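Engineer: Next up is a structure, given as structure tokens.
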Amino acid sequence: MGNLTDVERLEGLIRAGRPLITIQTYEEDHALEVVRQVALGDRGLAIWTVLSGVYDGLLDRPVPVDNTTNPAAALYHLGYQNQSQVVCLVDIAAHLDEPAAVRGLRDLVAAMERRGGAVVMIDHAEKLPGIVTALATRLELSLPDEEELERIVRETVKRLHVSRAVNIDLTKRHLSVIVANLRGLTRRRAAQVVADIVRDDDKLNERDIKRVVQLKREMVQSDGMLEFTAAPASLDEIGGMDRLKRWLKVREHALESSGDQPRGVLLLGVQGGGKSLCAKAIATAWQRPLLRMDVGALYDKYIGESEQRLRQTLRQAELMAPIVLWIDEIEKAFAGSASQATDGGLSRRMFGALLTWMQEHREPVFVVATANDIEALPPELLRKGRFDEIFFVDLPSEKARRAIFEIHLKRRGMDPGGFDLAELVEASDGFSGAEIEQAIISARHEASAAKRSVDTKSLLAQIEESPPLSVTMAERMVALRAWADGRCVPAE
């Protein structure tokens, strides 16, 4: 079922007797072409837009029906005077606040059901009237696969070549790399990337591969849902977490296997304890791109489109696979699903959609979810089988703190051998890796202002002046450790 084309899936819905099908998309041209392909033959196709009114969707130069630009009038005509088996309504959702239009749509759907046809609504908006949602079946358009993306590359270059000479110098392998890097983009955006790199210098060659990656990254991040995150080049740049590193080493090539691929880990711990670093460690160990998904941004930025955006983002992540998908502070996004939420059930629906995807997705997307507040997590998320493992990220041990000091001192051009690391490690008991780094940064600022070098004494002074989170949130630390004992695997 997952390998069916959009045309085949729409055909299947109509054959199954679904009289109202909704397609929410920004790729209107593709959606219309899918509907036309299904309507070819004896079905016939009537299309309505608010500017044109009703017209025959299978003719090259159709003549619109008079007096059908008004939605209610058009729906009446389509329900009682039109004989097409497929009716396509483009951007009609915004007009369904009128009782006459809603009544007309319901009558049209009933008429199409009697004659074995279907109404297809193509809208850019997610929000639909309740009655439409109750009657409708949603069709999610697929993102282009590599075969279609290669066709988009060729057609875009050919179109540009008509108006300007384009010099193409690509091997088959280089073309495959460009196509692979376009995965996860919509058809329109993929064509835009190709057009942009060609227009830069009227060429398409191996050097454009990096440009494709850059433009794709900019487009993905502009959505505000997926963000490419830089990970350390080597695990040697990450102090501690030895148990997690061993776990990763054992599964180093598992994402590439066709057998039981690892699906994800849940990282629990206090804020600032190093969960983010763990996520980066996984991407580093497996040499995979790390994409951070801020699910919480859905509620603020995409009112009325949250569920659609989540589905679209997860689909996009699959097409970018193999990747590490980092869902940061997952409890903030779905905390409402664990109680009687006041968002009309949105949190629970989105949480359910995420859980279903986590269990059913087949592409090599490894999920790293981080959480600070265990009490806010719905019990379903912690059930066995959701994640391969649940790790508890505690404060770094003496050995880990020593490694962290060495890493951050070297990173700033200082020789760890010139410091009393044993004294620094002892003084920083209870400090997180982030707090140790901040102490080094503060000591450098102080030393620069006083025109002297950083030494052990200045570092100790910064450590003593700033109580760590383990002190200011001691009760919470104790409670979290007590919960994790026996339930989680220590990352260290």
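The values are calculated or read from the model by the stated rules, or taken from the named source; none is laboratory data. This is a predicted model, so every value here is computed, not measured. Positions of Cβ are backbone-derived with ideal geometry, glycine not excepted, and every protein chain shown enters the neighbour counts. For the accessible areas, the whole protein counts, side chains as well, though only heavy atoms, and no ligand, DNA or RNA atoms are used. Shrake-Rupley method; radii C 1.70, N 1.55, O 1.52, S 1.80 Å.
Engineer: Hey, what D do you get for the chain in µm²/s if you plug the Kirkwood alpha-carbon radius into Stokes-Einstein at 37 °C and 0.692 mPa s?
Structural biologist: D, rounded to a whole number, is 125 µm²/s.
Engineer: Which length gain, in nm to one decimal place, applies between residue 167 and residue 40 when the Cα-Cα distance is subtracted from 0.36 nm times their residue separation?
Structural biologist: Answer, rounded to one decimal: 41.8 nm.
Engineer: For every helix of n ≥ 4 consecutive DSSP H residues, a contribution of -39,500 (n - 2.57) applies; sum these over the chain, divide by its total residues, and give [θ] at 222 nm rounded to the nearest 500 deg cm²/dmol. Numbers along the way, then the final one.
Structural biologist: Values: 22 runs with 239 residues, N = 492.
After summing the helix terms and dividing by residue count, I get -14500 deg cm²/dmol.
Engineer: Turning to a different aspect of this structure: Note down the relative contact order for the stretch 58-122 as a percent, whole number, built from C-alpha pairs under 8 angstrom at least six residues apart.
Structural biologist: 40
Engineer: Using 7 Å Cα-to-Cβ label points, what is the residue 271/residue 475 separation (nm, one decimal)?
Structural biologist: In this crude spin-label approximation the distance works out to 1.6 nm.
Engineer: Packing-wise, with mean Cβ within 10 Å as the measure, how do 281-288, 423-430 rank, highest first?
Structural biologist: Ranked from most to least packed, the peptides come out as 281-288, 423-430.
Engineer: With labels modelled as points extended 7 Å from the Cα through the Cβ direction, what inter-label distance (nm, one decimal) is found for residue 252 paired with residue 483?
Structural biologist: So the label points at residue 252 and residue 483 sit 3.5 nm apart.
Engineer: Additional query: Could you give the accessible area per residue of the chain, probe 1.4 Å, as a whole number in Å²?
Structural biologist: Here the per-residue accessible area is 50 Å².
Engineer: How far is helix 99-114 tilted, in degrees, relative to the longest principal axis of the Cα atoms in the chain, given as a value from 0 to 90 rounded to the nearest 10?
Structural biologist: Helix 99-114 and the main axis of the chain meet at about 70 degrees.
Engineer: Tell me the net charge near residue 109. Cut-off is 13 Å between Cβ atoms, residue 109 excluded, with +1 for each Lys or Arg and -1 for each Asp or Glu.
Structural biologist: +3
Engineer: Along Cα→Cβ, 7 Å out, is where each label goes; now give me the distance between the ones at residue 206 and residue 363 in nm to one decimal.
Structural biologist: Going from the residue 206 label point to the residue 363 one covers 2.8 nm.
Engineer: Can you list residues from other chains, or at least 5 along the same chain, whose modelled amide H is less than 5 Å from the amide H of residue 489?
Structural biologist: It is 390, 391, 392, by chain and number.
Engineer: Averaging sequence separations of C-alpha pairs under 8 Å and six or more residues apart, then dividing by the length of the stretch 151-224, give the relative contact order as a whole percent. Intermediate results must be reported in sequence, preceding the final value.
Structural biologist: On the way: 60 pairs, mean separation 30.1, N = 74.
Relative contact order, the stretch 151-224: 41 percent.
Engineer: Next question, about the same structure. Angle between the Cα long axis of helix 71-80 and the longest principal axis of the chain, 0 to 90 degrees, nearest 10?
Structural biologist: Approximately 60 degrees, to the nearest 10.
Engineer: Taking a label point 7 Å from the Cα of residue 447 along the Cα→Cβ vector, which residues of the stretch 369-409 have an amide N closer than 12 Å to it?
Structural biologist: Label zone hits: 409.
Engineer: Give me the net charge of residue 403's neighbourhood, meaning all other residues with Cβ under 14 Å from the Cβ of residue 403; Lys, Arg count +1, Asp, Glu -1.
Structural biologist: -1
Engineer: Something else about it: If Lys and Arg each add +1 and Asp and Glu each add -1, what is the summed charge of the other residues whose beta carbon sits under 12 Å from the beta carbon of residue 282?
Structural biologist: Values: positive: 245, 249, 251, 275, 280, 288; negative: 252, 388, 389.
Charge balance in the 12 Å sphere: +3.
Engineer: How large, in percent, is the carbon and sulfur part of the accessible surface of the stretch 32-152 at a probe radius of 1.4 Å?
Structural biologist: That fraction is 49 percent.
Engineer: Let me cross-check residue 350: its accessible surface, 1.4 Å probe, with only protein heavy atoms counted, in Å² to the nearest 10?
Structural biologist: About 0 Å², rounded to the nearest 10.
Engineer: Shifting gears a bit: If you roll a 1.4 Å probe over the stretch 359-492 with all protein chains in place, what percent of the accessible area is carbon or sulfur? If you can, show how the numbers build up before the last one.
Structural biologist: Numbers: 3500 of 7180 Å².
Carbon and sulfur atoms account for 49 percent of the accessible area of the stretch 359-492.
Engineer: Write down the Å³ per residue value for the convex hull defined by the alpha carbon atoms of the stretch 166-238.
Structural biologist: Spread over its residues, the Cα hull of the stretch 166-238 gives 118 Å³ apiece.
Engineer: Moving to a separate point now. Regarding the stretch 37-192, what is the average projected area of its C-alpha convex hull, in nm²?
Structural biologist: 11.9
Engineer: Counting only trypsin sites (Lys or Arg not before Pro) that sit in a DSSP loop (anything but H, G, I, E, B) with at most 10 other Cβ atoms within 10 Å, what is the longest stretch of the chain containing none of them?
Structural biologist: Longest gap between qualifying sites, sites excluded: 165-361.
Engineer: For the chain, what does the relative contact order come out to in percent, with C-alpha contacts under 8 Å and a separation of six or more? Mind dumping the intermediate values first?
Structural biologist: On the way: 758 pairs, mean separation 60.7, N = 492.
Once divided by the residue count of the chain, the mean separation gives 12 percent.
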